[in-house]
1. When only residues in the stretch 25-47 that are farther than 17 Å from Thr137 by Cβ and at pLDDT below 70 count, which is surrounded by the most Cβ atoms within 10 Å (Cβ to Cβ)?
2. Residue pairs, Cβ under 8 Å, 6 or more apart or interchain, first in the stretch 49-71 and surrounded by 20 or more Cβ atoms within 10 Å (Cβ to Cβ), second of a type in the set (Asp, Glu). List them.
3. Quick test for you: out of Phe20, Phe104, Phe80, Phe97, pick the one residue that is modelled with pLDDT of 95 or more, of a type outside the set (A, V, I, L, M) and either touching a Lys or Arg at 6+ places or on another chain (Cβ under 6 Å) or open to solvent by 30 Å² or more (accessible area, probe 1.4 Å) (or both).
Amino acid sequence: MAGISIIVVVVVGFLHILAFVLAIGAEMRRSTGKVVPDEYDERTFCAYDSDASTAYGLSAFGLLLLSQAVVSAATRCLCFGRGLSAGGPRTCAIASFVVSWISFLVAEVCLLAGSARNAYHTKYVGYYAKKDLSSCTALRKGVFVAGAAFVLLSMISSLLYYWSYSKADMGGWVKHQNEGGVGMAEFGPEKRGIGNTNA
């Protein structure tokens, strides 16, 4: 086992941080609508501004998905690699594995749902109502913020999971090597000397 790969840590951290920044950007650029009068009759309608928030949210969704794929490939998704040595690192790896997947799924749901809802409002810019409008519906505040928070939690738990997995896997390799060394020592020069004396 090669141990902890700095490249994996840097890539996972960078993708998560970039996804976090985009999620915050999506929250700040949420589509907002305002009631405007129609120039051709007396009705009013909701006009929505830019849908940049949707692009940011979907970009964060893709980056987080890519980061999770990197961690899963590096650790063989915990289930398909060789067994881990018993102890604290193994327990930490299993616990952080569960937390990382839960936080990943929640973050993805928030980002995807927020992007879809925001795009829906932006798409129907020229919606006409049968009566005057008093306000325009829009994506609620906090959806992308919640996604960003779970992105951070996903980053911390994913890096902790990768570190614990590497420690537990390396520990098993060292233990195997030590056991092999003991076995070879039993058939070392001293043992051969004893055998020759008996002969």
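The values are calculated or read from the model by the stated rules, or taken from the named source; none is laboratory data. Note that this is a predicted model, so its numbers are computed, not measured. Positions of Cβ are generated from backbone atoms using ideal geometry, with glycine treated the same way; all protein chains shown enter the neighbour counts. The area values use the complete protein model at the heavy-atom level, side chains included, leaving out ligands, DNA and RNA. Shrake-Rupley method; radii C 1.70, N 1.55, O 1.52, S 1.80 Å.
1. Among residues in the stretch 25-47 that are farther than 17 Å from Thr137 by Cβ and at pLDDT below 70, the one surrounded by the most Cβ atoms within 10 Å (Cβ to Cβ) is Arg43.
2. Close Cβ pairs (under 8 Å, with a partner that is of a type in the set (Asp, Glu)) amount to Ser53/Glu27; Phe61/Glu108; Leu64/Glu108.
3. Answer to the check: Phe20.
Results for (1) part of a helix (DSSP H, G or I); (2) under 33 Å from the mean Cα position of the chain (by Cα); (3) modelled with pLDDT of 85 or more, shown as yes or no for each residue.
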residue	(1), (2), (3)
Ala93	yes, yes, no
Glu108	yes, yes, yes
Leu112	yes, yes, yes
Asn118	yes, yes, no
Leu152	yes, yes, yes
Leu159	yes, yes, yes
Val182	yes, no, no
Gly195	yes, no, no
